[in-house]
1. Within segment 208-252, restricting attention to residues that are under 30 Å from F89 (Cα atoms) and of a type in the set (F, W, Y), which residue is surrounded by the fewest Cβ atoms within 10 Å (Cβ to Cβ)?
2. Looking at the structure I just gave you, is D79 modelled with pLDDT of 70 or more and outside any helix (DSSP H, G or I)?
3. Can you tell me which residues in segment 95-106 are touching a helix residue (DSSP H, G or I) at 6+ places or on another chain (Cβ under 7 Å) and surrounded by fewer than 21 Cβ atoms within 10 Å (Cβ to Cβ)?
4. Quick one: which of T221, T244, T229 is among the polar types (S, T, N, Q), touching a Leu at 6+ places or on another chain (Cβ under 8 Å), assigned to a helix (DSSP H, G or I) and farther than 22 Å from L141 by Cβ?
5. For the structure I just gave you, tell me whether T133 is more than 24 Å from A35 (Cβ to Cβ) and among the hydroxyl-bearing types (S, T, Y).
6. How many residues are of a type in the set (K, R) and modelled with pLDDT of 90 or more when one looks only at segment 90-148?
Amino acid sequence: MNEDSNTDFKLNGTRTAFEVAIERFITSEAAKGVAAFLVVVIVVRLLLDIANTYIGTGKPFFADFISFWTAANSAVNGDFLLPYHFEEFSARQLELFERGKFAFFYPPTWLLYLLPFGLLPYEAAVILFEAITLSAACLVLALLARRMNAVWIVFVFPGLAFGVLHGQNSLLNVALFGGALAALDRGRPILAGILIGLMAYKPHFGVLIPFALLAGREWRTFFAAGVTTVAIALISYAVFGLATWQAFLDQA
């Protein structure tokens, strides 16, 4: 391999034995064959899940996204509090999808992120959401691996299939957190902090990540993450009002 290639594994100008082993695994034809087979299995499973909506039980595809879309659609129509009133929220889901009981556990910051998707029909919204988050996760993991052809490894990971099939935000978590790690690795601490701050829709991450940054003496990243978190909270407050935050805290 050309040592000058920007797709090569490098760490301070050298490669560890682990990096060399991973490189050989990624480029082996046997590994690529297995990956191709698993991708086909995942795609077939995904198509069956989508077909089930129309010719099976009628369960909406990417079903966990129901709560996200219902909350966003309610907010677009001016009802910011509905996502935090479980019984009424479930009744709204039953009305729209004939399925309910999908709670909305997220703070108004996540409702802010979802707002544009509430302008679209459910099917278009969930497909767009999955496409954006999957593409972002693949790109970030390739940046972490320092080789673009490492993207196919993402498709082999079983967690990807579950995340996609259920319409969860796990791929966005991967994109933001992985992007922060890639930014730190490339000496861009402010960008890393911004990406971490954008994960404020998952408050429980705040129990661990800040302490890791402090332990690593990543001061600029720590403060950038804090400023971003506060800024996003203030924007959501300006859009939805104090009552929405109070409803979230009461539900929590």
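The values are calculated or read from the model by the stated rules, or taken from the named source; none is laboratory data. No experiment lies behind these values; they were computed from the predicted model shown. Every residue, glycine among them, receives a Cβ derived from its backbone with ideal geometry; neighbour counts consider all protein chains shown.
1. Applying the first criterion (under 30 Å from F89 (Cα atoms)) to segment 208-252 yields 228-252.
Filter once more, keeping what is of a type in the set (F, W, Y): 237, 240, 245, 248.
Details: Y237: 15, F240: 20, W245: 18, F248: 23.
So, considering only residues that are under 30 Å from F89 (Cα atoms) and of a type in the set (F, W, Y), the one surrounded by the fewest Cβ atoms within 10 Å (Cβ to Cβ) is Y237.
2. Numbers: modelled with pLDDT of 70 or more: yes; outside any helix (DSSP H, G or I): yes.
The answer is yes for D79.
3. Residues of segment 95-106 touching a helix residue (DSSP H, G or I) at 6+ places or on another chain (Cβ under 7 Å): 96-97, 99-104.
L96, F97, R99, G100, K101, F102, A103, listed by residue number.
4. Working: T221 fails: farther than 22 Å from L141 by Cβ; T229 fails: touching a Leu at 6+ places or on another chain (Cβ under 8 Å).
Going through T221, T244, T229 in turn, the sole match is T244.
5. Numbers: more than 24 Å from A35 (Cβ to Cβ): no; among the hydroxyl-bearing types (S, T, Y): yes.
Considered against the rule, which asks whether it is more than 24 Å from A35 (Cβ to Cβ) and among the hydroxyl-bearing types (S, T, Y), T133 comes out as no.
6. To start, the set of residues in segment 90-148 that are of a type in the set (K, R) comprises 92, 99, 101, 146-147.
From the residues that got through so far, the ones that are modelled with pLDDT of 90 or more too are 92.
Of the residues in segment 90-148, 1 are of a type in the set (K, R) and modelled with pLDDT of 90 or more.
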